[in-house]
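First up is the structure itself, then whatever we jot down about it.
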Amino acid sequence: MSSDHPKVQLSSENVAEKFAEKMRELELSAREREVAAHARSLGVGHINLKAFPIGPETLATISKAQATELHVICFLNTQTEIRIAALHPEQKEIIELAYQLGERFHANVQRYAISEESFAHAFKLYDALPDVQKIETGVRISATDFDRYTQTLSDLKALDRLLREAPVTDLVTLIIAGSVQAKSSDIHVEAEEDAILLRYRIDGILRQVATIPKERWGQLISRVKLLSGLKINVDDVPQDGRFTISLAKDRIDVRVSTLPTAYGESVVMRLLMSSSASLEFEQLGVRGRAYEALQREVGRPNGMIITTGPTGSGKTTTLYAVLNKLNDSETKIITLEDPVEYKLKGINQSQIDAAKDYTFAKGLRAILRQDPDVVMVGEIRDLETAEVAIQAALTGHLMLSTIHTNSAAGAIPRFLSMGVKPFLLAPALNAIIGQRLIRRVHADCAAPDVLTPELLARVEEIIAALPEHERTEVATKPRAFMKGNGCDTCHGTGYKGRVGIYEILTMSKDIEEVVLSGKVSEYDMQTIAQKAGMVTMAQDGILKALDGLTTVSEVFRVAE
């Protein structure tokens, strides 16, 4: 009898294990029934993924990080039909994800409820996926769709009609295509009480180009947020994002900003065309002796070149044109920007990140350890950045940057007000460029412009204050000016494109003495610079008006 006892004991253990296993199965079945009932109450499907085959590509439709955060699995993706299973399919984040997937794949997406056991079983499949994988998020604007609408838009008059007829998924594509056709720099989409206003900033001036029916607003704002990686369900705080449209011969980076307003949200999209960064130094529009002086200062191996002017005055474009001139295989160029607006080949570009305490000052210190020849810092905002930049200029580096002042003469008082030491600033500065952008007369509809006596008197006063060499040259020119009558191509404005007007302040002995005194006003600096031969922005504008490039009224609008 004793020899049979182990067999009886083993049999009892087997029975206990089988009983426990059966109870677990019953418990899991009960849970699945509960989930199925909950699914029916939500109006969604239910599935148990334990016996459902899920391929790697299907699983990768949703990233592992997103699956972990939302407790969701994609178990079917045929490109036209997508099925996702979640522990809480009723959550707004899951509903938003389903909408995103539908937009991205142009597919019909269905949500399913899933138990915790079923999710855990499917989630283990992520371990078999490659560690490094590029999961595409959001939605894209294809070059094909973009080109199709660009060709459809003969002029902006057709835009209003097309925006009412186009499918929701094509609204943003159509808006951006219209902006590119109009050579607009910014797109403003603004929710009003009765309609949505669409405005383009063309040649620096905002122009309303269409209205969008109010009922399309929710779909339009969701599409913009999907493209730029913003949260669709957040509309009470500002958000910033970006997306890129890759075309056959160009790339468009779109920077998106949303702002809560009384009737919805205001959306501004800034278009950055990669081709805009290819402007040559010679194409800037700097003329005469100012061009020769600037060319000489750019060619120096060290020192500071500063551009000044308000937002949208073309400061970054000017600096990029200088970088393009200096960019060769023998020159190490590094930039520090906020943000990187245009990608430049052969140049190392770094973007500051305040969230990670990567500031202009700290970034600049790091850059100087990279053995650069030329350094560009997007903006000098504080004393710490200014001091590091000046030290770099004094120790063998050519330093390019911007500062916010109204004129070239205002830059030196601004540096001193920051606390910069005058005996360091004076030898560090090479040149200061003050600039604005003015609209060009549209050549196709140009006609002679007859000035009023008052305007002509102001023009003569500005010409009389020119440096002697410029005044002598202008004296022989007839006072003939041009304007644009307006046509369909220039949208009736008489202008098409823009050109810069500049004042180039280069260091001289007199200016250095004033800087070293540490006490100088913008007015004093302006007077000294003009005595030294500086042509002001207003004077440069009038000279360009005499050449027929712009109108006198446009010069006075921008420069006075």
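The values are calculated or read from the model by the stated rules, or taken from the named source; none is laboratory data. These figures come from a predicted structure and were not determined experimentally. All Cβ positions, even for glycine, are placed from backbone atoms using ideal geometry, and neighbour counts span all protein chains on display. To get the accessible areas, we keep the full protein, side chains included, count just its heavy atoms, and leave off ligands, DNA and RNA. Shrake-Rupley method; radii C 1.70, N 1.55, O 1.52, S 1.80 Å.
Only one residue in T78, T137, T61 is at pLDDT below 80 and hydroxyl-bearing (S, T, Y). Which one?
The conditions single out T137.
T402 fails exactly one of the following numbered conditions: (1) over 23 Å from A559 (Cβ atoms); (2) among the polar types (S, T, N, Q); (3) touching a residue at least 24 places away in the same chain (Cβ under 8 Å). What is the number of that condition?
Answer for T402: the failing condition is (1).
Acidic (D, E), in contact with a Phe, Trp or Tyr (Cβ under 9 Å, 6 or more places away or on another chain) and over 25 Å from K519 (Cβ atoms): is that true of E384 in this structure?
Taking the combined requirement at face value, the residue does not satisfy it.
Got at least one residue in segment 525-543 being in a loop (DSSP other than H, G, I, E, B), of a type in the set (A, V, I, L, M) and either over 30 Å from T476 (Cβ atoms) or in contact with a Pro (Cβ under 6 Å, 6 or more places away or on another chain) (or both)?
The answer is no, given that none of the residues of segment 525-543 is in a loop (DSSP other than H, G, I, E, B), of a type in the set (A, V, I, L, M) and either over 30 Å from T476 (Cβ atoms) or in contact with a Pro (Cβ under 6 Å, 6 or more places away or on another chain) (or both).
Please go through segment 242-272 and give me each residue that is in contact (Cβ under 8 Å) with a residue 60 or more places away in the chain, of a type in the set (A, V, I, L, M) and either outside any loop (DSSP other than H, G, I, E, B) or touching a strand residue (DSSP E or B) at 6+ places or on another chain (Cβ under 6 Å) (or both), ordered by number.
Of everything in segment 242-272, those that are in contact (Cβ under 8 Å) with a residue 60 or more places away in the chain, of a type in the set (A, V, I, L, M) and either outside any loop (DSSP other than H, G, I, E, B) or touching a strand residue (DSSP E or B) at 6+ places or on another chain (Cβ under 6 Å) (or both) turn out to be I245, I252, V254, V267, V268, M269, L271, L272.
Which pairs turn up if I take residues in segment 193-207 that are under 17 Å from V267 (Cβ atoms) and at pLDDT below 90 and look for partners that are polar (S, T, N, Q) and part of a strand (DSSP E or B) with beta carbon separation below 7 Å, at least 6 apart in sequence or on another chain?
Listed by first residue and then by second, the contacts come to A195/T211.
Can you give me the number of residues within segment 35-51 that are assigned to a helix (DSSP H, G or I) and either on the phi > 0 side of the Ramachandran plot or in contact (Cβ under 8 Å) with a residue 12 or more places away in the chain (or both)?
7
Is there a residue in segment 337-351 that is among the polar types (S, T, N, Q), more than 16 Å from the chain's Cα centre (by Cα), closer than 29 Å to A426 by Cβ and modelled with pLDDT of 90 or more?
The answer is no, given that none of the residues of segment 337-351 is among the polar types (S, T, N, Q), more than 16 Å from the chain's Cα centre (by Cα), closer than 29 Å to A426 by Cβ and modelled with pLDDT of 90 or more.
Looking at segment 232-241, which of the residues that are without any contact (Cβ under 8 Å) to a residue 24 or more places away in the chain and part of a loop (DSSP other than H, G, I, E, B) is least open to solvent (accessible area, probe 1.4 Å)?
V234
Looking at G497, G518, G548, G541, can you tell me which residue is touching a residue at least 24 places away in the same chain (Cβ under 8 Å), under 19 Å from L466 (Cβ atoms) and surrounded by fewer than 20 Cβ atoms within 10 Å (Cβ to Cβ)?
G548
One line per residue, one yes/no per condition, for (1) out of contact with any Lys or Arg (no Cβ under 7 Å at 6 or more places or on another chain); (2) among the aliphatic types (A, V, I, L, M); (3) modelled with pLDDT under 90:
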| position | (1), (2), (3) |
| --- | --- |
| D524 | yes, no, yes |
| M534 | yes, yes, no |
| G541 | yes, no, no |
| V558 | no, yes, no |
